[in-house]
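Enquirer: Sharing a structure, written as structure tokens. Questions coming.
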Amino acid sequence: MNDDSYGMGTKCVHSGIKDDPTGAVVTPIYQTSTFKFRDTEHGARLFKGEEQGYIYTRMRNPTIEAMEDAIANLEGGAKAIGCASGMAAINLLFSSTLTAGDHIICSEAVYGPTISILQTLFAKYGVEVSIIDTSDVSLVKSAIRNNTKLIFIETPGNPSLIISDIQAISEIASSINAKLAVDNTFMSPILQQPFKFGADYVIHSLTKFLNGHADVIGGVVVLKKESEYIHFRKMSNLIGGVIDPFNAFLVHRGIKTLHIRMQRHCENAEKISTYLKNNPKVIWVHYPGDKNHPQYEIARKQMTGFGGMIAFELKGGLEAGKKLMDNVKVWQLAVSLGGVESLIQHPATMTHASVPKELREKAKITDGLVRLSVGIEDADDLINGLESGFRHIT
Ligand SMILES: *Cc1c(COP(=O)(O)O)cnc(C)c1O
């Protein structure tokens, strides 16, 4: 399935599946911590890397590898490394690319803990951190220092759905020999493939769209270049935050329907954004498919669909938001996103509570902001479910 002539649907169904000695049509769950050597010579050759094979699941496992291959193939990357969570993937990326004295530029509209891990852990390790609005390319240019090693963007950004121009930023990065990493969690490889626009690394929280069923925590780092694989794999083995075989199996299973799930997420989100735009109790709606979105043209250039995420600001701020969130039907009040079920949440007190208030305000995470993860239920039920909540706002 590493043939580019196949469409994304075919790739989702078939990518990564290994030929199994039993003839199993899916890669089974190799739920084992360790693997037997044929003899001492064999064990020694595996450890020296003179022969390929399995040693210990923290290093390599067939079920995990099958999932990793599937994701690398869908992203158009060379290799992928499965991690215990999206944050473990972000930690692996930063640990593998940054050293004391290096500088990183990171989007301000990102998953809250991404900023926190930089400002706490990596700052403590001597990494210089700039958190800026990467939707403005000129701000990225002016943030460059002579020790800038990595630019990390999330696009569309969390939770305001601001969009950064992957290609323009990758050109800036390569002009100074820095690398570009993209958190592609909100889009999945179905809707956006950052390598095509010059990114060097892609990370995902597998917890979200890739698994898609709200029953796994996982993450992945995808590498564009094969040559960086051994370094990243060694770092993963040292940090130890690997995904386990069962969760890798579930993610791989989820990926088989990723293309049709994404299509439905997009269709539903389009309808719900229209409903919200016409709702007099809503001040504004942030949705990348909206022609008035400030970066609509960039969205059209680098995304093949607008995704399932919507953010909106209510008249009446937090009080109105509470009434809405406590009275909706069908929608569940929960953080996370990208599952088949629709979720509603309040970034300022939930996902982004760890981000300092002034940074929150700069990233437009106001107290009246509500974030939706639109699932794959029937759009009419979702709209009626929101309507039940809106009726309580007077
Ligand atoms: C959820 C999320 C993460 C973190 O993933 P976990 O699996 O929760 O550790 C990172 N980036 C984005 C955009 C996310 O939505």
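Rule-based calculations on the coordinates, nothing more; no lab input. All values derive from a computational prediction rather than experimental measurement. Ideal geometry is used to build each Cβ from the backbone, glycine not excepted, and the neighbour counts take in all protein chains shown.
Enquirer: Among the GluC sites (Glu not before Pro) within region 34-93, which fall in a DSSP loop and have no more than 15 other Cβ atoms within 10 Å of their own Cβ?
Expert: Numbers: sites: GLU41, GLU50, GLU51, GLU65, GLU68, GLU75; in loops: GLU50, GLU51.
Sites meeting the loop and neighbour criteria: GLU50, GLU51.
Enquirer: May I pose another question? Please report the relative contact order for region 8-255, taking Cα pairs under 8 Å with a sequence separation of at least 6, and give it as a percent rounded to a whole number. If you can, show how the numbers build up before the last one.
Expert: Details: 486 pairs, mean separation 61.4, N = 248.
Relative contact order for region 8-255 comes out at 25 percent.
Enquirer: Would you please give the FRET efficiency between LEU238 and ASP4, computed as 1/(1 + (r/R0)^6) with r the Cβ-Cβ distance and R0 = 41 Å, to the nearest 0.05? Please report the intermediate quantities before stating the final value.
Expert: Details: r = 34 Å, r/R0 = 0.84.
Between LEU238 and ASP4 the formula returns 0.75.
Enquirer: Any idea how far apart HIS231 and LYS48 come out in nm if each label point goes 7 Å out from Cα toward Cβ?
Expert: Inter-label distance under the simple model: 2.6 nm.
Enquirer: Could you give the dipole magnitude of the chain about its Cα centre, charging the beta-carbon of Lys and Arg +1 and that of Asp and Glu -1, in debye to the nearest 20?
Expert: Numbers: 40 positive and 42 negative charges, 79 e Å.
That gives a dipole near 380 debye.
Enquirer: Could you let me know the centre-to-centre spacing of region 1-72 and region 273-287, using Cα atoms, in angstrom?
Expert: Rounded to whole Å, the Cα centres lie 47 Å apart.
Enquirer: Once the cut-off is 14 Å, how many percent of the Cα-Cα pairs in region 97-178 end up in the long-distance tail? Kindly include the intermediate steps, with their values, before the conclusion.
Expert: Numbers: 1926 of 3321 pairs.
In whole percent, the share of Cα-Cα pairs in region 97-178 beyond 14 Å is 58.
Enquirer: Further question on the same structure: Output needed: percent of Cα pairs per 20 Å distance bin for the chain, bins running from 0 to the one holding the longest distance.
Expert: 28, 56, 15, 1
Enquirer: Under a Cβ-Cβ cut-off of 12 Å, what is the net charge of the residues other than GLU65 that fall near it, where Lys and Arg count +1 and Asp and Glu count -1? Before the final figure, lay out each step's value.
Expert: Numbers: positive: LYS18, ARG60, LYS79, ARG233; negative: GLU68, ASP69.
Counting the neighbours of GLU65, the net charge comes to +2.
Enquirer: So how compact is region 191-261: Cα radius of gyration and Dmax in angstrom?
Expert: 13.3, 37
Enquirer: Considering only DSSP states other than H, G, I, E and B, which trypsin sites (Lys or Arg not before Pro) in region 1-86 qualify as loop sites with at most 10 other Cβ atoms within 10 Å?
Expert: Values: sites: LYS11, LYS18, LYS36, ARG38, ARG45, LYS48, ARG58, ARG60, LYS79; in loops: LYS18, LYS36, ARG38, ARG58, ARG60.
Answer in residue order: LYS36, ARG38.
Enquirer: Rounded, prolate or oblate: which fits region 41-174 when a ≥ b ≥ c are the square roots of the eigenvalues of the alpha-carbon gyration tensor, with rounded for a/c under 1.5 and prolate only if a/b beats b/c?
Expert: On the way: a/c = 2.29, a/b = 1.86, b/c = 1.23.
Verdict is prolate for region 41-174.
Enquirer: Moving on to the next point. For each pair in LYS149/LYS234; LYS149/LYS196; LYS141/LYS315; LYS196/LYS256; LYS79/LYS208, compute the distance between the two Cα atoms and list the pairs where it is over 26 Å. Write down the numbers at each step before the final one.
Expert: Details: LYS149/LYS234 20 Å; LYS149/LYS196 21 Å; LYS141/LYS315 36 Å; LYS196/LYS256 22 Å; LYS79/LYS208 20 Å.
Table pairs above 26 Å Cα-Cα are LYS141/LYS315.
Enquirer: In the calculated pair distance distribution of region 259-390, what percentage of Cα-Cα distances lie above 21 Å? Walk me through the numbers on the way to the answer.
Expert: Details: 3250 of 8646 pairs.
In whole percent, the long-distance tail amounts to 38.
Enquirer: Give me the angle, in degrees from 0 to 90, between the Cα long axis of helix 317-327 and the longest principal axis of the Cα atoms of the chain, rounded to the nearest 10.
Expert: 70
Enquirer: May I pose another question? Rank THR155, VAL182, VAL110 by how far each Cα sits towards the positive end of the charge dipole of the chain (+1 on Lys, Arg Cβ; -1 on Asp, Glu Cβ) and give me just the farthest.
Expert: Going by the charge dipole, the pick is VAL110.
Enquirer: Now a separate question. Decide, for region 25-91, between rounded, prolate and oblate: order the square roots of the alpha carbon gyration tensor eigenvalues as a ≥ b ≥ c, take rounded if a/c falls under 1.5, and otherwise choose prolate if a/b is larger than b/c, else oblate.
Expert: prolate
Enquirer: On to the next question. Let me have the 222 nm mean residue ellipticity of the chain computed from DSSP H runs of 4+ only, each contributing -39500 (n - 2.57), with the sum over all residues rounded to the nearest 500.
Expert: Working: 15 runs with 147 residues, N = 394.
Result for the chain, helices only: -11000 deg cm²/dmol.
Enquirer: Using a simple spin-label model with points 7 Å from Cα along the Cα→Cβ vector, what separation in nm is obtained for ILE260 and HIS213?
Expert: Going by the 7 Å Cα→Cβ label model, 1.4 nm.
Enquirer: Continuing with the same structure: Going through region 276-333, which trypsin sites (Lys or Arg not before Pro) have at most 11 other Cβ atoms within 10 Å and a DSSP loop state?
Expert: Details: sites: LYS277, LYS281, LYS291, ARG300, LYS301, LYS315, LYS322, LYS323, LYS329; in loops: LYS281, LYS291, LYS315, LYS329.
In loop regions of region 276-333 (DSSP not H, G, I, E or B), the sparsely surrounded trypsin sites (Lys or Arg not before Pro) are LYS291.
Enquirer: Which one of HIS231, ALA84, GLY254 has its Cα pushed farthest toward the positive end of the charge dipole of region 8-255, where Lys and Arg give +1 and Asp and Glu give -1 at the Cβ?
Expert: Toward the positive end, the furthest listed residue is HIS231.
Enquirer: For a protection proxy built on the mean count of beta-carbon atoms within 10 angstrom, sort 129-135, 330-336 highest first, please. The partial results should precede the final answer.
Expert: Details: 129-135: 20.3, 330-336: 16.4.
In decreasing order of mean packing, 129-135, 330-336 become 129-135, 330-336.
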